[in-house]
Amino acid sequence: MFQSLVKFASLLICLAGSAVVAQEMPQMEEASVQHEWLDQFVGEWTTEMKGSMGEDQPAMECEGVMKSRKLGEFWVINELTGDIAGTTMNGIQTIGYDSAKEKYVGTWVDSMANYMWRYEGTVDKSGKKLSLEAEGPNFMAGDETMTQFRDSYEFKTPDHIIATSEMMTGDGKWVTFMQGEMKRSR
């Protein structure tokens, strides 16, 4: 009797194993032209930016380095290190393309703030400029008010990007608070 139970259990295990093997792996998404568009970022860049934290604030200059790499076929990781008015800033940005939303998506975190930015955006008709929008704390208001922000990367050439950061004012207008250049160093 015991041997019959062992044989029956062995048969069930074999049948169950066969069913698992017979199942196909789910179809994995393939990289699209939108994912491939992000390849332009890959490399090392020097950055020079100028900006202001408000109308009555002095202009500040920021220099740094951005190292960009792909994470698989779907994401680009931009790691930035820079000097802002004598303070070192480190930031990490992710950018990918969400096929379901038909939008570029991403995040931004840095060493100077405790807020994670969540982006959504598109590439313009020229195919050269990526604009990403996010909601975040309005640093010009001096309180916890939230507003819309837009970061844009315009590829002038494969080795030259114009980067622009804008925020929406209370009257619904976009105001540039930082702009500069990124030049490929490698």
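Only the coordinates and a few stated rules stand behind these numbers; no lab work does. The model shown is predicted, which means the values in this text are computed figures rather than measured ones. Neighbour counts are summed over all protein chains in view; Cβ atoms, including those assigned to glycine, are modelled from backbone coordinates with ideal geometry.
Note on Asn114/Met25: beta-carbon distance plugged into 1/(1 + (r/R0)^6) with R0 of 35 Å gives a FRET efficiency of 0.30.
Identify the GluC sites (Glu not before Pro) of the range 36-110 meeting these criteria: DSSP loop state and at most 16 other C-beta atoms within 10 Å of the C-beta. Each step should come with its number before you reach the end.
Values: sites: Glu36, Glu44, Glu48, Glu55, Glu61, Glu63, Glu73, Glu79, Glu102; in loops: Glu55, Glu73, Glu102.
The qualifying sites are Glu55, Glu73, Glu102.
Summing Cβ point charges (Lys, Arg +1; Asp, Glu -1) relative to the Cα centre of the range 147-186 gives a dipole of roughly 200 debye.
What is the packing order of peptides 110-119, 148-157, taking the mean over residues of other C-beta atoms within 10 Å and listing the highest first?
On the way: 110-119: 14.3, 148-157: 17.0.
Going by the mean number of other Cβ atoms within 10 Å, highest first, we get 148-157, 110-119.
Charged neighbours of Phe41, selected by a Cβ distance under 9 Å, balance to +1 (K, R count +1; D, E count -1).
With a cut-off of 12 Å between beta carbons, the residues surrounding Trp117 carry a summed charge of -3, where Lys and Arg count +1 and Asp and Glu -1. Here the Kirkwood formula puts the hydrodynamic radius of the range 77-140 at 13.2 Å, using every distinct Cα pair. With a cut-off of 10 Å between beta carbons, the residues surrounding Lys128 carry a summed charge of +1, where Lys and Arg count +1 and Asp and Glu -1. On a C-alpha basis, how far is the centre of the range 153-179 from the centre of the range 44-100 in Å? Whole number, if you could? Value for the Cα centre distance between the two parts: 12 Å.
Taking 29 Å as the straight-line reach from the Cα of Lys50, the lysines in range (excluding those fewer than 8 positions away in the same chain) are Lys67, Lys70, Lys103, Lys125, Lys128, Lys129, Lys156, Lys173, Lys183. What the Cα convex hull of the range 49-186 gives, in volume per residue, is 129 Å³.
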